[in-house]
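S.K.: Take this structure, written in C-alpha cells, and hold onto it; I'll ask about it next.
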Amino acid sequence: TCVKYDLRDSLRLYAAEQEGSVYLYNLRTRQPILALPDAHRSTILGLSQLIDRNKLVTFSKDGFVKIWNDNGQCEWTYQTH
C-alpha cells in the first residue's frame, strides 16, 4: 500500500492498494471521497501530485503511468518499456 497526504489539504489522504485501486479519504470522517477501484491491473508502486493542475499521478507494476483529474477520470496513460 502507498499513501500520500494531499498537498492542498492535510485532512485528505490518498491510498493505493495492492490490487491496483486508489482511494482518496477524508481523514476527519474516515470516509472515501473518491474511489478508483480499477486504476491499474497490478500493485501501485507510487503516487504523486501535480498541484498546479490538480492532478494525481500513479505508476504501477503493470508498466503504466497514469494521470487522473479530481473527478477520477484518467486523462493520460503512458506505457513504460
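Each reported figure results from applying straightforward, stated rules to the coordinates on display, with no laboratory input. Since we're looking at a predicted model, the values are computed, not measured. All Cβ positions, even for glycine, are placed from backbone atoms using ideal geometry, and neighbour counts span all protein chains on display.
S.K.: So how strong a dipole does the chain carry about its Cα centre when Lys and Arg Cβ are +1 and Asp and Glu Cβ are -1, to the nearest 20 debye? Spell out each step's value before the answer.
M.R.: Working: 10 positive and 9 negative charges, 35 e Å.
Here the chain has a charge dipole of around 160 debye.
S.K.: Spin-label point model (7 Å from Cα, Cβ direction): what's the Asp52 to Gln18 distance in nm?
M.R.: Each label point is offset 7 Å from its Cα along the Cβ direction, giving 3.8 nm.
S.K.: Collect residues whose amide H, placed 1.01 Å from N in the peptide plane, falls under 5 Å from the amide H of Leu34; neighbours closer than 5 in sequence don't count.
M.R.: The answer is Leu24.
S.K.: Would you kindly state how much longer the chain becomes between Thr29 and Glu75 on full extension, computed as 0.36 nm times their sequence separation minus their alpha carbon distance, in nm to one decimal? Each step should come with its number before you reach the end.
M.R.: Details: separation 46, 0.36 × 46 = 16.56 nm, distance 2.84 nm.
The span from Thr29 to Glu75 would gain 13.7 nm if fully extended.
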